[in-house]
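**Student:** Pasting in a structure now, in C-alpha cells, and then I'll have a few things to ask.
The values are calculated or read from the model by the stated rules, or taken from the named source; none is laboratory data. Keep in mind it's a predicted model, so treat the numbers as computed, not measured. Here Cβ is always computed from backbone atoms with ideal geometry, including for glycine, and neighbour counts include all displayed protein chains.
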Ligand SMILES: Cc1cc2nc3c(=O)[nH]c(=O)nc-3n(C[C@H](O)[C@H](O)[C@H](O)COP(=O)(O)OP(=O)(O)OC[C@H]3O[C@@H](n4cnc5c(N)ncnc54)[C@H](O)[C@@H]3O)c2cc1C
C-alpha cells in the first residue's frame, strides 16, 4: 500500500476485533476470491469485520487515508464489486448473526449473511421473506439492488419487505434508517445498491411460508420448447401470485430423474414453487405437465429451504461467468424463436437463458416508492454465459453479448442493477431509471466525496 504507512495499519489492527489480512498472509488468496472467477483483483488490505465498530474503523481508515474502499457481502456480484485493486475491502462475511421474533414476524440479520443463513433462521419458525434462488448469494447485495425470487409474486421484492437498516455512513457514523428515521436514506437503500454506506444490519418483515412447499422441475426437450413456452406465457398470465414458474433453457444436466438420452441435449425446464397449500398447488400445476411430452419431472412437497438450495450445484463458485439481463413486460412473439436459436448454439455446457417470472406484488408500488424503479417488469430474462477455461472467454462472452443485442427489441424499460457486468457503465442510469436524479441528491448528502464507489455508481449531485 503505497500511501498508507505500516503504523496506520498497526493502529487499525490494535482495536480491530476481526481479522486484518494482508497480501503476504496465507489467508490472502482465499480471502480475495469471489463467486465469479473472471474477477482477479488484489486489494492492499482485507478487513474481515466482526462487529459494527470494526466496520466503522474500516470506513474511517479508507476515508482518512484516501484509498479505494470495496464492501463484500456475499461476494456474488457478477461485476466483481465486492473487491478492488489496491484499496481496502471491508469484508462482512463473518457477520451473520440473526434474531427472529415470530410474534411480530420480524427478523434482523447482519450484513454478511447469505440467503441460506436468513432462510434457515426464519423457516425454523415457518416464516420467510422473498429472497433469490441461489442460497450462497449475499443478503446485502441482493437486497440493496431490489431482490426477487420464488416468493416475489406473492410478497414483493426483497426491498418491499425491508423495515429498517443499520448503516455506517462515509463519515463513520452509525445511523438507523427506516420510514421514520433518515427516511431519505431508507428510500435510497431500497434499490440504490451499496452507494450510501455499509449496511451492518437489516430488518425484514416475514410471512408464513411452508415450511414445506410444492416445488420442482418439469423438463421438456428443446424440440418442444416453442410450443411449451407459448403455453407457459398464457399459463403464467393467469396464475395466482402464490405460484411462480420460471423457464430455463440449457443443456440437460445428468439429473437422476432425466433419461440418459437427454443428458447434454437441449431442454426447457419449468421450475415451479407454490407458496400455499400443496394440495391446491398440485391442481394448479397439472396443466404444466400437458404442454407436450415431458422428458422427466421431479416435483413434490419439500422443505422450502431445500428448494432454495436446489440450483446451488449448477451455480457453484469458481467458474468464469459473464451475464446479461433485460427486463420484460411481456413475452412478445418472436422472442422464443430467438431464444431457441441461441440455445441451439450454446458456447459451453453450463450456459443458459432464463425467464424469472415476477409481477403480482412486485408491480403494486409506484415506481418512485422505492429506489428500485422497475415496477412494470413481469419477467427478468438473463443470459448466463458460464465456462471453465480462460481460452473460451471470447467465444462465451460474444455469445452473451450477441443475444443481449438481438433480444433488445423485446425488452421493456430499465435493467436490474444486480445483473450488470463491469463493462456496462453505459446502462447504469438506465438501471436506476427515473429515480436516478433523486438518488444523486441523497448520495450528495450521505457520501459527498463518493467514498462508496466500487459499485454501479451514482455520482453525488
Ligand atoms: C448465482 C447467482 C444467482 C443469483 N440469483 C438472484 C436472484 O434469484 N434474485 C436476485 O435478486 N438476484 C440474484 N442474483 C444477483 C445478486 O442479487 C447480486 O449478485 C448481488 O449483488 C449479490 O449480493 P452479494 O452480497 O452476494 O454481493 P457482493 O459481491 O458482496 O456485493 C454486491 C454489491 O453490494 C455491495 N454490498 C455488499 N454488501 C454490502 C453491505 N453490507 N453494505 C453495503 N453495500 C454492500 C458491494 O459493495 C457491491 O457493490 C444472483 C447472482 C448470482 C451470482
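**Student:** Given the residues 320, 289, which is the only one that is surrounded by fewer than 16 Cβ atoms within 10 Å (Cβ to Cβ) and touching a strand residue (DSSP E or B) at 6+ places or on another chain (Cβ under 7 Å)?
**Tutor:** 289
**Student:** Select from region 131-153 the residues that are more than 9 Å from the ligand (Cβ to nearest atom) and surrounded by 24 or more Cβ atoms within 10 Å (Cβ to Cβ) and write down the one among them that is farthest from residue 361 (Cα to Cα).
**Tutor:** Applying the filter and picking the extreme gives 151.
**Student:** In addition: Considering region 51-92 alone, what residues qualify as being surrounded by fewer than 20 Cβ atoms within 10 Å (Cβ to Cβ), within 25 Å of residue 129 (Cβ to Cβ) and touching a strand residue (DSSP E or B) at 6+ places or on another chain (Cβ under 8 Å)?
**Tutor:** Answer for region 51-92, where residues must be surrounded by fewer than 20 Cβ atoms within 10 Å (Cβ to Cβ), within 25 Å of residue 129 (Cβ to Cβ) and touching a strand residue (DSSP E or B) at 6+ places or on another chain (Cβ under 8 Å): just 52.
**Student:** Looking only at region 115-125, decide whether some residue is within 8 Å of the ligand (Cβ to nearest atom) and either within 28 Å of residue 40 (Cα to Cα) or modelled with pLDDT under 95 (or both).
**Tutor:** Scanning region 115-125, I find no residue that is within 8 Å of the ligand (Cβ to nearest atom) and either within 28 Å of residue 40 (Cα to Cα) or modelled with pLDDT under 95 (or both), so the answer is no.
**Student:** Six or more apart or on different chains, Cβ under 7 Å: which pairs go from a residue in region 121-148 that's within 21 Å of residue 211 (Cα to Cα) to one that's assigned to a strand (DSSP E or B) and near the ligand (Cβ under 9 Å from one of its atoms)? Could you list them?
**Tutor:** From residues that are within 21 Å of residue 211 (Cα to Cα), the pairs are 135/114; 136/114; 137/114; 139/114; 139/202; 148/356; 148/380.
**Student:** Give the residues of region 349-382 that are assigned to a loop (DSSP other than H, G, I, E, B) and buried (at least 18 other Cβ atoms within 10 Å of the Cβ), sorted by residue number.
**Tutor:** Scanning region 349-382 gives 350, 351, 358, 359, 370, 371, 372, 373, 374, 375, 377, 378.
**Student:** Let me ask something additional. Looking at region 18-35, is at least one residue buried (at least 20 other Cβ atoms within 10 Å of the Cβ), within 12 Å of the ligand (Cβ to nearest atom) and modelled with pLDDT of 95 or more?
**Tutor:** yes
**Student:** Has region 328-348 got any residue that is in contact with a strand residue (DSSP E or B) (Cβ under 8 Å, 6 or more places away or on another chain), part of a strand (DSSP E or B), within 15 Å of the ligand (Cβ to nearest atom) and in contact (Cβ under 8 Å) with a residue 24 or more places away in the chain?
**Tutor:** No, there is no match, as no residue in region 328-348 is in contact with a strand residue (DSSP E or B) (Cβ under 8 Å, 6 or more places away or on another chain), part of a strand (DSSP E or B), within 15 Å of the ligand (Cβ to nearest atom) and in contact (Cβ under 8 Å) with a residue 24 or more places away in the chain.
**Student:** If you don't mind, another one. Is there a residue in region 389-402 that is at pLDDT 95 or above and within 13 Å of the ligand (Cβ to nearest atom)?
**Tutor:** No, there is no match, as no residue in region 389-402 is at pLDDT 95 or above and within 13 Å of the ligand (Cβ to nearest atom).
**Student:** Looking only at helices (runs of 4 or more DSSP H) that fall completely inside region 1-80, which ones have 1 or more residues that are in contact with a helix residue (DSSP H, G or I) (Cβ under 9 Å, 6 or more places away or on another chain)?
**Tutor:** Counting at least 1 such residues, we get 6-15, 52-65.
**Student:** Here are some conditions: (1) away from the ligand (no atom under 12 Å from the Cβ); (2) at negative phi; (3) in contact with a strand residue (DSSP E or B) (Cβ under 7 Å, 6 or more places away or on another chain). Residue 182 meets all but one. Which one does it not meet?
**Tutor:** Just one mismatch for residue 182, condition (2).
**Student:** Across region 210-245, what is the total count of residues that are under 13 Å from residue 287 (Cα atoms) and without any contact (Cβ under 8 Å) to a residue 40 or more places away in the chain?
**Tutor:** Number satisfying all stated conditions: 2.
**Student:** Residues of region 434-461 being part of a helix (DSSP H, G or I) and either surrounded by fewer than 15 Cβ atoms within 10 Å (Cβ to Cβ) or away from the ligand (no atom under 16 Å from the Cβ) (or both), which ones?
**Tutor:** Matches in region 434-461: 434, 435, 436, 437, 438, 440, 441, 444, 445.
**Student:** Answer yes if at least one residue in region 397-407 is touching a helix residue (DSSP H, G or I) at 6+ places or on another chain (Cβ under 8 Å) and in a loop (DSSP other than H, G, I, E, B), and no otherwise.
**Tutor:** No, there is no match, as no residue in region 397-407 is touching a helix residue (DSSP H, G or I) at 6+ places or on another chain (Cβ under 8 Å) and in a loop (DSSP other than H, G, I, E, B).
**Student:** Would you check if residue 276 is touching a helix residue (DSSP H, G or I) at 6+ places or on another chain (Cβ under 7 Å), outside any helix (DSSP H, G or I) and surrounded by fewer than 21 Cβ atoms within 10 Å (Cβ to Cβ)?
**Tutor:** Considered against the rule, which asks whether it is touching a helix residue (DSSP H, G or I) at 6+ places or on another chain (Cβ under 7 Å), outside any helix (DSSP H, G or I) and surrounded by fewer than 21 Cβ atoms within 10 Å (Cβ to Cβ), residue 276 comes out as no.
**Student:** Return the total of residues in region 81-114 being more than 7 Å from the ligand (Cβ to nearest atom) and touching a helix residue (DSSP H, G or I) at 6+ places or on another chain (Cβ under 6 Å).
**Tutor:** Looking only at that region, the number is 8.
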